[in-house]
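Below is one structure, written out as structure tokens; comments come after it.
The values are calculated or read from the model by the stated rules, or taken from the named source; none is laboratory data. Fair warning: this is a prediction, and the values are worked out from it, not measured in the lab. Cβ sites come from the backbone with ideal geometry, for glycine too, and all protein chains shown count toward neighbours. For accessibility, only protein heavy atoms count, side chains too; no ligands or nucleic acids. Shrake-Rupley method; radii C 1.70, N 1.55, O 1.52, S 1.80 Å.
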Amino acid sequence: MKNILGIILFVLGFNCVFANTNLNLRKLAESKGIYVGTAIMPSHLEDSKLVDLLTNNFNYLTPENHLKWENVQPAKGVFDFSGADKIVNFAIKHKMRVRGHTLAWHYQNPPWLASLKTDKEEAKKILKNHIMNVVGRYKGKIADWDVVNEPLDENGRLRVNLWNVLIGEEYIELAFRWANEADPNAKLFLNEYGVEWFGAKADAFYKLVKSLKEKGVPIHGVGFQFHIDGQYAPEPVFVAMNIKRFKELGLEVHITELDVRLRGTPSERAIEQQARIYSELMKVALAYDIPVYVTWGVTDKYSWIPSFFSGYGYALMFDDQYKPKKAAFAVSEVLAGERPKKSLYEDSDTESVIKRPLPPFRASKAKKVPIIDGEINKGEWDGTYAYSLMYNQLDTQDRKSTR
């Protein structure tokens, strides 16, 4: 009888653990000196369950959409800070740090801006006015800003966006200088996706950031977004080495938009891999003193993934019923354990990594069908992906980089 009662109590206790939305990730994170953050909408703060989840597990907030141009300056010269104010005030009340996202981007711009046709000087005035108003309003309240978001295209070239067209590539430098002028104490970041591990785009991003530093531009760090397809787990060694080279430039590296999307109804294997990805990235963050680890959303109930990636979902640490997944428990375990050391990555043998089969290449249709004739004609390969080989693919013993 005693044994049966013990089993019943164990099962009840086990179920309570998995039903509990409060893992107290925040307390664990603060003990390690790291911010664990998430992106939210103002409406989420009307959801008491989500608020409970936020205050117990996160100490850093990013307004998901309400500091983007379409919301904050919907008409020329007309600013609406109501949504952002709600999030910032909530964060201040609960002693959370805030990330401003974003001041210049090619997407989510209001119609008046997206169709803007003007000369260079007027475009500079519009961008400067926006930055001075937005950053100035939150001076001393928003600690970190994604000044420019996604400046590169898939191939690592400077993206053709409205600011690049109207002002030229100097818009990036100018945006940072104006943001610094508006709030000299804020930390300023260049935020990008697809640059988390080695490749052509990561190399181009590195060169861009390095050139900004050499010009004396007030850039304090880079944001690695980490929107990950759960089928393809990033290799922690390569992520760590990539982080290391950016840190050697004297920059902070933040994980800014992490989610791990899974296709369809995820298998147990896929869920386990998702948990490994979340936990391995936290290990890298702790080993390399990355101060900010942000997931792009709190629960699957409000996730952006299903709307943008057909057939995908289940991307966050908490499910649509607000229950923690294996990913949340895995991150909790890392935060509760000993801090990983850099030697875990820098002293490891990368031979098995080099030999491991690579995931299938992504593909996109070229805007103009190329003619394979030995000549590269203008526009022929526009819109396609370019890949650089990191190592000799025919001889795994040859570790000489071919990038």
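Key figures for this structure:
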| item | result |
| --- | --- |
| All aspartates and glutamates inside 19 Å of residue 207 as judged from Cα atoms, apart from same-chain residues fewer than 8 positions distant | 146, 150, 153, 154, 169, 170, 173, 192, 196, 248, 252 |
| ³J(HN,Hα), Karplus 6.51/-1.76/1.60, whole Hz, each residue of region 133-143, x for Gly, Pro | 5, 6, 5, x, 4, 9, 4, x, 10, 9, 7 |
| Given 27/213; 68/247; 68/120; 76/141; 27/215; 124/201, the pairs whose alpha carbons are separated by over 31 Å | 27/213; 27/215 |
| Residue 309 accessible area, assembled protein chains, probe 1.4 Å, Å² | 60 Å² |
| log10 of Debye I(q)/I(0), alpha-carbon scatterers only, for region 265-306 at 0.33 Å⁻¹ | -1.06 |
| Per-selection Rg to Rh, region 168-219 - Cα, Kirkwood hydrodynamic radius | 1.00 |
| Value of D in µm² per second that Stokes-Einstein yields for region 241-330, Kirkwood Rh from Cα pairs, at 25 °C (0.890 mPa s) | 176 µm²/s |
| Peptides 44-57, 115-128, 178-191 ordered by average Cβ neighbours within 10 Å, highest first | 178-191, 44-57, 115-128 |
| From the C-alpha gyration tensor of region 41-125, square roots of 5λ in Å | 31, 12, 10 |
| When region 128-271 is reduced to its Cα atoms, the Kirkwood hydrodynamic radius in Å | 16.3 Å |
